[in-house]
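Below you'll find the structure, written out as structure tokens, and then a few comments.
Every number in this text was worked out from the coordinates using simple rules, so none of it is lab data. Keep in mind that this is a model prediction, so the values were computed, not measured. We place every Cβ from the backbone using ideal geometry, glycine too, and count neighbours over all the protein chains shown.
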Amino acid sequence: DWKMQDVMDEEIKTIQSMVGPDEHVICALSGGVDSTVAATLVHKAIGDRLHCVFVDNGLLRYKERERVMSTFESDLHLPVTCVDASEQFLSQLKGVEDPEQKRKIIGREFIAVFDAFAQKLEQEIGKRPEYLVQGTLYPDVIESCPPPGSGRTHSHTIKSHHNVGGLPKDMKLKLIEPLKLLFKDEVRKLGSILNVPESFLKRHPFPGPGLAVRVLGDVTAGNALETLRQVDEIFVQAIKDAGLYDTIWQAFAVFLPVQTVGVQGDQRTHSNAVTLRAITSEDGMTADWYYFDRDFLVDVVNKICNNVRGINRVCYDITSKPPATVEWE
Ligand code: XMP
């Protein structure tokens, strides 16, 4: 792909001229396509002056931290430090119900973790990193705050993506966002030129604020996060087993803070509802819901109700974007 080869060469030059010869850079790796490709690109440009960090914010999917850390090591050969900041994030989110508020808090806490990481590095290498790499894509920018002259018509924020509109104004680190003008399919092409393994490039997108935008309302209430992890894992695993993972743009579960009446055995239950969402899309800007076979859905719903405590009702979201968005918050 010649166009992507050019984009890569251009970006490498830009990064090299932006970052001085003895300056250091940190990169937040999420385990997703965007940050992995961004890190690999910056690593190619400046080598081991790049320091990657993976933040466990307590809002990750089932076993995500273990899975991501082991693949970084075995497949990517990028040195990554894992920071467990789950207590910090969850304590700040306690009792917060407003979706935009949650996004802003998460953006702010991420930056606090990166600042602390930069400070720790300064003690180790004698130089404070000045830059932060983020895998921001064009659609993130458009939906958070359309750039002037972009010709885009959104006149106000749809959602403050945690890495764009959610960033604090007083942040010290300067941003490097090499993917800012690209769409997801272009990032996947760039990643394949950079030899990022297929297993990474094919991963479904996952929002930076993580499960916080998939547990509606207060994320810390009851056992919501743990319950959601189990439901989500059953759903996504079933999609993989059915060979549908690559056809679907994104598939996930959402925890609803709603209790409904059910019956199990001959017992009345009063438990939570979840909804499943699976979509097809080109770029995340618009989306269609995915039409599963009846048998597939019956099977998944049975697995969820039989295996996950506290769930007695499963819905399937058949709303496109627009009028809905992909995430529920
Ligand atoms: P929405 O819900 O805005 O989602 O229709 C469009 C795509 O963006 C992802 N998403 C995010 N990604 N930070 C991210 O990195 C965010 O704050 C964020 N919010 C939504 C979403 O999963 C979908 O792929």
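Mind scanning Lys3/Lys189; Lys44/Lys172; Lys94/Lys172; Lys127/Lys172; Lys159/Lys180 and naming the pairs with a C-alpha gap bigger than 19 Å? With Cα atoms farther than 19 Å apart: Lys44/Lys172; Lys94/Lys172. Of the trypsin sites (Lys or Arg not before Pro) in segment 37-115, the ones in a loop by DSSP (not H, G, I, E or B) with at most 15 other beta carbons within 10 Å are Lys63, Lys94.
Once C-alpha pairs closer than 8 Å and six or more residues apart are averaged by separation and normalised to the residue number of the chain, the relative contact order reads 17 percent. Among Val231, Val254, Val263, the residue with the largest mean-square fluctuation in a Gaussian network model of the chain, with springs joining Cα atoms closer than 10 Å, is Val263. Electrostatic tally near Arg65: other residues with Cβ closer than 12 Å to its Cβ, Lys and Arg +1, Asp and Glu -1, net 0. Which of these, His161, His270, His43, has the largest mean-square fluctuation under a Gaussian network model of the chain (Cα springs below 10 Å)? Residue with maximal mean-square fluctuation among His161, His270, His43: His270. Sorted fewest first by neighbouring Cβ atoms within 10 angstrom, Asp295, Asp56 come out as Asp295, Asp56.
Ranking Gly222, Leu50, Ile111 by how far each Cα lies toward the positive end of the dipole of the chain (charges on Cβ) leaves Gly222 at the top.
For the chain, the longest principal axis of the C-alpha atoms and the axis of helix 99-125 are separated by about 40°. Of all aspartates and glutamates in the structure, those lying under 15 Å Cα to Cα from Lys174, and not within fewer than 8 positions of it along the same chain, are Glu23, Asp115, Glu130.
Among residues other than Leu190 with Cβ under 13 Å from its Cβ, the summed charge is -2 (Lys and Arg +1, Asp and Glu -1). Straight-line reach from Lys102: taking Cα to Cα under 12 Å and skipping same-chain neighbours fewer than 8 places apart, the aspartates and glutamates in range are Asp218, Glu329. Scanning residues 5 or more positions from Ile176 or on other chains, those with amide H under 5 Å from its amide H are Leu132, Val133, Gln134, with H placed 1.01 Å from N in the peptide plane. What is the helix-to-structure angle for 224-241, meaning the angle in degrees between its Cα long axis and the longest Cα principal axis of the chain, kept from 0 to 90 and rounded to the nearest 10? Approximately 90 degrees, to the nearest ten.
On the principal axes of its alpha carbon atoms, the chain extends 71, 44, 42 Å, with the longest extent given first. Within segment 196-258, the trypsin sites (Lys or Arg not before Pro) that combine a DSSP coil assignment with at most 12 other C-beta atoms in a 10 angstrom radius are Lys202. Residue by residue, segment 129-138 carries 3J(HN,Hα) couplings of x, 9, 10, 10, 8, 10, x, 4, 9, 4 Hz when phi is fed to the Karplus relation 6.51 cos²θ - 1.76 cosθ + 1.60 (θ = phi - 60°); x denotes Gly or Pro.
Taking amide H as placed 1.01 Å from N in the peptide plane, the amide H of Cys52 sits under 5 Å from that of Cys27, Thr81, each at least 5 places away or on another chain.
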